[in-house]
Each structure stands twice: as structure tokens, then as C-alpha cells.
Amino acid sequence: MKVVKRDGRAVDYDRSKIVIAIKKANAEVEEKERATDTQIESILTYIEGKNRKRMLVEDIQDIIEEKLMEFELFVLAKTYIIYRYQRALVRKANTTDDSILSLIRNENKELAEENSNKNTILASTQRDYIAGEVSRDLTNRVLLPEKLSKAHQEGVFHFHDADYFLQPIFNCCLINIGDMLDNGTVMNGKLIESPKSFQVACTITTQIIAAVASSQYGGQSVDLKHLGKYLRKSKVKFEKAIKKACGKNTPQETIDKLVAERLKSELKSGVQTIQYQINTLMTTNGQSPFVTLFLHLDENDEYIEENAMIIEEILQQRLQGIKNEQGVYVTPAFPKLVYVLDENNCLKGGKYDYLTQLAVKCSAKRMYPDYISAKKMRENYEGNVFSPMGCRSFLAPWKDENGNYKFEGRFNQGVVSINLPQIGIIAKGDEEKFWKLLDERLELCYEALMCRHNALMGTKSDVSPIHWQYGAIARLKKGEKIDKYLMNGYSSISLGYIGLYEVTKLMKGVSQTEPEGLDFALRLMNKLRSACDNWKADTGIGFALYGTPAESLCYRFARIDKEKFGTIEDVTDKGYYTNSYHVDVREHIDAFDKFKFESQFQKISSGGAISYVEIPNMRNNLKALSSAVKYIYDNIQYAEFNTKSDYCQACGYDGEIIINDDNDWECPQCHNKDHAKMNVTRRTCGYLGENFWNVGKTKEIKSRVLHL
């Protein structure tokens, strides 16, 4: 049997520790009040007789107290309770030691896997994690009410980003990059004026991205349409210089050709600056900036032609990749790319279809970009098209004092996610009990979200000048409070959710793709949405239903529930819960039907939603991928594609790992056969556990797939 400690670690059951604890209590009482060896053995036999694979240490201690009471050893039971309470006080005084020391010794596997963009071996990253552990400890012990801290620990909900809650910083944002470029900004006390060329604009943009990332904990998004005017500035500058150098008699055709060549070089250098700066800069939290670039061609934009050139160059460079330390082109983690499908590029004969065809090639090789349908987004957001935040959450439409919609310069205050399957497990198919319990837990989520909101209220602009004083969010005065940006729906605060599939199976015995299951799933989704809408109406705070919280949470909730409720078929037995509203990966549903089906949930989950499908052999299946992209425009707001993604760590090869004549994996570039130095992923089912090989070490590797 494994005993689950309070910090989540599982250790071997050791009966001697129970004996020692009871005997310590025995020593504090008179002899007639002491437990005999027979009684102690009886307690041990009872605990061990449960035949549990895992037990919480608190459950074992509860059993000891109950048994001492049964033996009518009331004084001893009281002494044991006091001993237990004193130990709890000691733990409460400092609960971070073990986690921090294990981090320094590189033994904290949970932290190492928490964020794939952070290397926990690096001193700079460790420094951020150490601060995070202190914040998490203080959040659980001091900052959150005890009932909320307990609810988080028991998996009732998840209080996201507790490792940053100690500081008055927020989650993610849409940088007001247009204002910062046009009107200048300040970084590290130095004035940065509006750039005069595209190259400089790209450099300043990456500097802003790095500064913003260092003073928030979530992702950020940048709409690249604001760079179009600076590309034109460069063109005008080049044309003027070339005309002066060549003289009045030079044919315009020659001048145009020379300008085009100079502009092409400037464009390539500027985009390369963005890509390399983002991937080489290290923020104060020890990782590259978590940034999304929004690629949208707006017909009303006077710089649409320049922006088409910028988008083309970004896609070309992403298609090529970026060299790793071995000099091999690989897929960079950042920036994320979101490409907008509109009437002018949705593969229906539009002027910019060539860009979408390039985007499809890029998706096939590099997994990005993701795709947004301008058509569906306008239906869902009052005619607007705008970027998701870096964390894939969306803002609600908001108008300024002049009645103009505004999205850039807004942000998300934080997230709390509810564990839906746990409610279904407890309700056992009883809908009346389910809805009652859901209401109770939504109230807890509301209280937790208000803790996030109240922690930001009263914050002064000085905490992050780049955000609050110099344009990323606002241009407040020094010492001015940010409170007005936390109210009236200007910023969002999100209720996330996990496991719509599992809770539907628990309550109705079928998935949400079946009529009875769909009816329940839609009622549940609308209930969650109504809760957010009601909270918003009551408080003026921008509550939103957010359908894409961290994937790692799918495993945390499932792990907690398995320990608490045991193995439940098709629920806790998988080791993970299905993220948000997604259809279970094992259901036989084609890509088009999946997009169409899930689109109805995206509309409800307007605070954040993305759907994905698997395209087999995507690199050699451009026709199928193009058809899926074309389908997105008319049927779903936000989607991405998954496929296999192989990688050899020995040489940096970023292509398909082959099966050799011995029916084993082998890198076709360096012929490496060391499985530990290979990453072969199959993203069909969403499985995120450790890779392992079957008995024959054949291609039945299990990474993101169940059926291979």
C-alpha cells in the first residue's frame, strides 16, 4: 500500500510509524488510559484489512482516532488529537521545504513536467520556481479561506496559478501594440519613440513582448496588422533614397525593382528578428515569452497589402523552422500563430487564398497556425474579429466612452476550474442531487474567483509600468490605481471546466454525442454559462466561461478522484479526464462531424474555446488538410490540427522516425536507436503520460494514442 502525504507524494506504507505515534500519545497519559499492544495491533489490522492500493495519511489518522474512541480510550484519543494538531501547526509554519529542496536536487518530477517551456535545471528557472513554491504555500495557508484551500486540495476545483497569487499580477492579455508603436513607450526608464522603419518596429515589438512577459504569468497576443504601416514607411524611405541616388533619368520600373528588393530584404530581416528574439530572449520567470501572433487581413485596413506581405514572410519562416544547437531546422515553440480565415482567403477563390495554402503547408509540417473563422466569430461576438489571448481565452465585446469596440489593451484576471466528473461520481445518476451539488460548488468557485479579483483591487500602476503606465494595457499616472480596469467587463475573469464527457457518461450512461447525453451536456453547459452571466450582472465584473484550461489539470483531477473513489470504468481508469467540452478521443467521429458537433459548445463557452482534430500523415495529406481548413470557415470558430510529431534528441532531426528492418524505431538521419533519445508522439487520443514500449519494443509505442 502507498500512503499519500499532504504534499501529494506517495510513500510506502510503514506500520511502525503508526505504532510510534500511538505510543508517543500513550506516554502522555496514565497507564489505565493507554492502548495495549493488542489494541494497537487491532488498529493496524483494520487499516491493512482495507486492501487499498493508496490511502491518504489523513484517512489513516482519522481511523486511529475512531478506533481509540471505540476502545473508550477517550483521554488517549484526546491526547492523540492534540498531538496531531501540534504536528499540523508545525507543518503549517512552513510547508515549502521539501518541495524547494527537491527542486534544487532536480527530484521534483511534478514541477519538471508542469511547464514544458521551463527547464528546471537552470538556475534562473529554479529561482522563479522557488518563489512560486513560497507563493503557493502562503496562498494555501494564509491568503485563501480554509474552505477554499481545502476544496482545491480535494479537487473540487482548481485554483490556477497559485504560484503567482502572492503578487498583484494578472493572467494573460492582448497587448495594445498599435498604441505603443504609434505613441511610443518607456522601458527600463528609457523613452522608446515611434519607429521610422519596419526593422526597428519589429525590434521594439519583441522588446515590448519580453517586458510584458516578465510582469504577468500568462500568455500575451500581438495583432501584427499594426506593423503594416511601418513596412510602408520603409518603402517610402527606400524609394526616396533610391531616387536620389539614381537620378531623375532613371526609369520608374528600375526604381520600383530596386525598392522591391530592398523592401524584401527589410521584410525578411524584420520577421527574422521577431522569430529569433522571441526564441532567444529569457524573461524573468526563466522561459521564452509565451506569445501568440494574430494574422488577420482586414478588408478595411489601408495597409492590407503590406500586411499580406508580412503574413506571407511569417509563414515562410515558420515553414522553414529555426535551427537548434546541432544546426538542424526544428519547430519553435513560440511564437504561436493564429491565422484568420475570411472571405478573402477561405479557399473559395479569394484574393489571398495563396496565403491560406501556405498556412496549410505550414500546419502540415510545423503544427501551426491555428485557425479562426471570421464568419463564425462575427456571429458570436457582435460582428467583431479579434485575437484570443495567449492562454486561448477570449474577451467579451466591450465599448469605450465613444461607443467603439475595444479588445487590445485588455486582459484576464485569473482562472478557477471546476471538476465536473467528481460531481457526477457523488451524484450517482441522481439529477436532483447533481444540480444541487453543482450549485454548491459553483458558489465555492465564485468565492475563489472573487479572491482573485479582490487581490488585484487597489493595485497601483507602479507594480508594472510597461502594463499600466506605458501602454500595454493603459497609460495611468504613477501611483494611480488600476481598479477601473477590473470592473464593468473591461477585463475578464474565468470559470474553467474539465470533463464534460465523463460527467455525461456518469449521469446518463452515454457520451454527449448521443441524443440523451447531448441534452444533458447542453443543459449543463448553459447552467455554467448562466452562472457566469449572473455573477457578471450582480457585480459588474467580467465573468466568462472558459473552455480551455491547462491540459495538466485533466490528470490532476483524475488522479485525485481515483485515489478518493477508486477505479471507475471510462472515468478514472484512463488516468485523465477529457478537456472541457471535447468529444472523447476514442469515439469514431470524423474530423468534419467533430468540428460541427463541438461548434455548438464553443458558442456557449465564449470565454474560451478551441477544438482540434487528427489528420493522419498530415505532411503528405495536404488535400485533406485544405478541405478541413475550408470547412472551418463555415462551421466552427476556432480550431487546430494534430498529427504525429517525431523528433530525435540525438541529432535534432525533426521528421518522421522510421521503423527499421528489425521492427524497431530508428532515426533516418543519425540512425539513433536509443529510445530514451527519441520522441515519437501520436496525438490521436490526447494521452499525455510517459512514453513506453511494449514487450517486443515494436511500433506499439504509447504516447498520445491508444490504438497503435
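The values are calculated or read from the model by the stated rules, or taken from the named source; none is laboratory data. Computed from a prediction, not measured in an experiment: that's the story for all the values here. Neighbour counts run over all protein chains shown; Cβ positions are idealised from the backbone, glycine included. To get the accessible areas, we keep the full protein, side chains included, count just its heavy atoms, and leave off ligands, DNA and RNA. Shrake-Rupley method; radii C 1.70, N 1.55, O 1.52, S 1.80 Å.
Brief remarks on what is shown
- Taken over segment 66-79, residues that are open to solvent by 80 Å² or more (accessible area, probe 1.4 Å) and either part of a loop (DSSP other than H, G, I, E, B) or in contact with a Gly (Cβ under 9 Å, 6 or more places away or on another chain) (or both) amount to 1.
- If you go through segment 607-631 and keep only what is at pLDDT 90 or above and in contact with a Leu (Cβ under 7 Å, 6 or more places away or on another chain), you end up with Gly607, Ser626, Val629, Lys630.
- Of all residues in segment 36-56, those that are open to solvent by 100 Å² or more (accessible area, probe 1.4 Å) and in a helix (DSSP H, G or I) total 2.
- A single entry from Glu551, Glu502 fulfils the requirement of being under 26 Å from the mean Cα position of the chain (by Cα), at pLDDT 95 or above, closer than 30 Å to Ala10 by Cβ and acidic (Asp, Glu): Glu502.
- Residues that are crowded, with 21+ Cβ neighbours inside 10 Å and under 23 Å from Asn412 (Cα atoms) within segment 521-531 comprise Met525, Leu528, listed in sequence order.
- Every residue from segment 543-571 that is of a type in the set (S, T, N, Q) and touching a Gly at 6+ places or on another chain (Cβ under 7 Å): Thr548
- Where Gly540 falls short, out of the listed (1) within 30 Å of Gly458 (Cα to Cα); (2) out of contact with any Gly (no Cβ under 8 Å at 6 or more places or on another chain); (3) open to solvent by 10 Å² or more (accessible area, probe 1.4 Å): (2)
- Here Ile100, Ile82, Ile63 are screened, and the one residue that is surrounded by 15 or more Cβ atoms within 10 Å (Cβ to Cβ) and at pLDDT 70 or above is Ile63.
- Val328 vs. criteria buried (at least 16 other Cβ atoms within 10 Å of the Cβ) and either among the polar types (S, T, N, Q) or modelled with pLDDT under 95 (or both): yes
- When residues in segment 60-82 are screened for being closer than 15 Å to Lys24 by Cβ and not charged (D, E, K, R), 11 of them pass.
- Condition broken by Lys375, with the remaining ones in (1) open to solvent by 50 Å² or more (accessible area, probe 1.4 Å); (2) modelled with pLDDT under 95 satisfied: (2)
- Taking the criterion of being surrounded by 24 or more Cβ atoms within 10 Å (Cβ to Cβ) and out of contact with any Gly (no Cβ under 9 Å at 6 or more places or on another chain), the only residue of segment 502-520 that qualifies is Gln512.
- Scope segment 340-361; condition part of a loop (DSSP other than H, G, I, E, B) and either over 14 Å from Ser626 (Cα atoms) or small (Gly, Ala, Ser) (or both); matching residues: Asp342, Glu343, Asn344, Gly349, Gly350, Lys351, Tyr352
- Out of Pro332, Pro289, one residue alone is within 15 Å of Asp370 (Cα to Cα) and in a loop (DSSP other than H, G, I, E, B). It is Pro332.
- Segment 451-471 residues that are touching a residue at least 60 places away in the same chain (Cβ under 8 Å), paired with ones that are β-branched (Val, Ile, Thr) and open to solvent by 20 Å² or more (accessible area, probe 1.4 Å) (beta carbon under 6 Å, 6 or more apart): Tyr470/Val186
- Of all the listed residues (Pro397, Pro388, Pro421), the sole one being assigned to a loop (DSSP other than H, G, I, E, B), under 30 Å from Glu502 (Cβ atoms) and of a type outside the set (A, V, I, L, M, F, W, C) is Pro388.
- Only a single item in (1) of a type outside the set (Asp, Glu); (2) within 30 Å of Thr567 (Cβ to Cβ); (3) touching a Leu at 6+ places or on another chain (Cβ under 9 Å) is not met by Phe411, and it is number (2).
- One residue stands out in segment 134-151 among those that are under 21 Å from the mean Cα position of the chain (by Cα) and surrounded by 20 or more Cβ atoms within 10 Å (Cβ to Cβ): the one that is farthest from Arg9 (Cα to Cα), namely Thr139.
- Hits in segment 588-614 (condition: touching a residue at least 60 places away in the same chain (Cβ under 8 Å), in a loop (DSSP other than H, G, I, E, B) and open to solvent by 50 Å² or more (accessible area, probe 1.4 Å)): Ile589
- The strands (runs of 3 or more DSSP E) found wholly in segment 157-254 and carrying at least 2 residues that are open to solvent by 10 Å² or more (accessible area, probe 1.4 Å) occupy 185-187, 190-192.
- The one condition from (1) out of contact with any Pro (no Cβ under 9 Å at 6 or more places or on another chain); (2) buried (at least 19 other Cβ atoms within 10 Å of the Cβ) that Ser417 does not meet is (1).
- Each residue in segment 10-35 was checked for being in a helix (DSSP H, G or I), of a type in the set (Val, Ile, Thr) and free of Cβ contacts under 8 Å to residues at least 24 places away in the same chain, and 1 of them qualify.
- Among the residues of segment 320-329, just one is closer than 16 Å to Lys361 by Cα and part of a loop (DSSP other than H, G, I, E, B), namely Gly321.
- Flag if Leu449 is more than 30 Å from Tyr339 (Cβ to Cβ) and either open to solvent by less than 30 Å² (accessible area, probe 1.4 Å) or at pLDDT 95 or above (or both): yes
- Any hit, segment 424-436, residues being more than 25 Å from Ser611 (Cα to Cα) and either buried (at least 22 other Cβ atoms within 10 Å of the Cβ) or under 23 Å from the mean Cα position of the chain (by Cα) (or both): no
- Selection of segment 10-35 for residues being exposed (fewer than 15 other Cβ atoms within 10 Å of the Cβ), closer than 30 Å to Tyr555 by Cβ and not hydrophobic (A, V, I, L, M, F, W, C) yields Asp12, Asp14, Lys17.
- Out of Tyr490, Tyr497, one residue alone is crowded, with 19+ Cβ neighbours inside 10 Å and either touching a helix residue (DSSP H, G or I) at 6+ places or on another chain (Cβ under 7 Å) or assigned to a helix (DSSP H, G or I) (or both). It is Tyr497.
- Contacts under 9 angstrom Cβ, first residue in segment 181-205 being more than 22 Å from Val463 (Cα to Cα) and modelled with pLDDT of 95 or more, partner acidic (Asp, Glu) and open to solvent by 10 Å² or more (accessible area, probe 1.4 Å), 6 or more apart: Ser194/Asp182; Ser197/Glu266; Phe198/Glu266; Phe198/Glu306; Gln199/Glu266
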